[in-house]
Amino acid sequence: MRMALHPKGRLRIIDHLIAVMPDEPIRLRDWLTLLPEDVKHNSARGEARYLVTDGLTTLSASMLRAYQITEQGKQRRAEVRALLGEEELL
């Protein structure tokens, strides 16, 4: 799976979601607070389920209504963070 950019050259919402995903389980409402200000929370709320479908996150067994990052998600998170770091250097 590769990262796709919006026509304006910005990352997709799901890429922002995975970039800020912590290692420990997190509830969606708390996860959304970690997003940059320009990412719409209502849109991100709907996109979170696609991360589960893609195998990047899973529903946590230890915390009700919480998401947990998978190993595949950790790899994707590193890729997105590297891309974001490169953009900041430009």
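A few remarks follow.
- Cleavage-rule hits (GluC sites (Glu not before Pro)) in region 37-90: DSSP loop, at most 16 neighbouring Cβ within 10 angstrom: GLU37
- Close amide H contacts of LEU11 (hydrogens built in the peptide plane, cut-off under 5 Å, sequence separation of 5 or more or a different chain): HIS6.
- Approximate spin-label separation GLU86-VAL52, in nm, with each point projected 7 Å along Cα-to-Cβ: 3.2
Read-outs throughout are calculated quantities, based only on the coordinates presented, and are distinct from any laboratory measurement. Here the structure is a predicted model, which means the values were calculated and not measured. Here Cβ is always computed from backbone atoms with ideal geometry, including for glycine, and neighbour counts include all displayed protein chains.
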